[in-house]
Amino acid sequence: MLSGCSSSPHIAGDAASKWTYQAPFELFWGDRPKLQAGQFPPNIQIIAIEGDGRPWLTPRKIAFDPTPASPLMLDWFNSTSHHAVYLGRPCYFGARQLQDRSVPVKITPRPSGVACDPYWYTFGRYSQPVVTSMQQALEAESGPCRVILGHSGGGTLAMLLAAELANVIGVVTLAGNLDVAAWLSHHRYSPLPGSLDPAARPPLASGIQQIHIAAEGDRTILAAWIQAETRRQGGEFLLWPVSSHNQWRSQWPRLDALLTTILANAPKTCSE
């Protein structure tokens, strides 16, 4: 079978990278220091989460590695001047499952593992174990205020993480899959047994600012779904002139300006 990118992501030279371990998965972690020194409180991170990539090669053939050929959120991460963390999803970039589920976080050297069960990036891509592993990886680090940024299925995980992770002050999604049931029904996809759906859960806490951005030309995640879920959540809906589901790179300056506004209005506790 064909595979996607199976090595570590390409991280720009001023960013540090590592593998972090949260049983039963290993996750890629990239940390980009803030380049705009002194503009915002030092204790704010933007957590970037990638989309689903290509879990299936055909309707009947599962990919060996679901990693997108050109990761969109990684491109933003390498270009931004904000303090950002790029958190890889379980089983992406050649990440493995650990044989020992009691393995703690941050083991050196990288422990032996086994190939990921495809369940974790197909039917279980938004499952509780996936969410919990990413949550625990973030909580193992220092606890700054966080803004979670996700594209497509990364937006799904951003919403699910925001409901469980401490110190989240904002969620921003790009073409976020916020209503998994509507997406499955519209495209006539198979159900995702074991996966969670943000639209089937209570709205996020009112103290979490939500901005959900749809693409005008998107036929994968329809703007109407995003708008309806944004209304239910009590967030802000934006429609940007983006031609398709993955054509966001020209919008990075506009996205960074939006994030600048969120950070400038962060609670005072983020400075403590």
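The values are calculated or read from the model by the stated rules, or taken from the named source; none is laboratory data. Quantities reported herein were computed from a predicted structural model and do not represent experimental measurements. Glycine gets a Cβ as well: all are built from the backbone with ideal geometry, and neighbour counts include every protein chain shown.
A few remarks follow.
- Matching residues, region 9-30, being acidic (Asp, Glu) and surrounded by 19 or more Cβ atoms within 10 Å (Cβ to Cβ): GLU26
- Unique residue being at pLDDT below 95 and either at positive phi or among the polar types (S, T, N, Q) (or both) when the list is SER195, SER190, SER185: SER190
- One residue alone among ALA214, ALA224 is free of Cβ contacts under 8 Å to residues at least 40 places away in the same chain and touching a Leu at 6+ places or on another chain (Cβ under 6 Å), and that residue is ALA214.
- Boolean, ALA266 is at pLDDT below 95 and either small (Gly, Ala, Ser) or in contact with a Pro (Cβ under 6 Å, 6 or more places away or on another chain) (or both): yes
- All positions within region 48-67 that are within 15 Å of the chain's Cα centre (by Cα) and in a strand (DSSP E or B): ALA48, ILE49
- Those helices (runs of 4 or more DSSP H) of region 151-263 in which 2 or more residues are surrounded by fewer than 22 Cβ atoms within 10 Å (Cβ to Cβ) and of a type outside the set (Val, Ile, Thr) occupy 180-187, 223-233.
- Screening GLY30 on (1) more than 14 Å from the chain's Cα centre (by Cα); (2) at pLDDT 90 or above shows it passes everything except condition (1).
- Test: residue in region 124-134 that is among the β-branched types (Val, Ile, Thr), at pLDDT 90 or above and part of a loop (DSSP other than H, G, I, E, B): no
- Within region 73-118, being part of a loop (DSSP other than H, G, I, E, B), more than 24 Å from ASP14 (Cα to Cα) and modelled with pLDDT of 85 or more holds for PRO90, CYS91, CYS116, ASP117.
- SER70 being under 27 Å from LYS34 (Cβ atoms), part of a loop (DSSP other than H, G, I, E, B), of a type in the set (S, T, N, Q) and modelled with pLDDT under 95: yes
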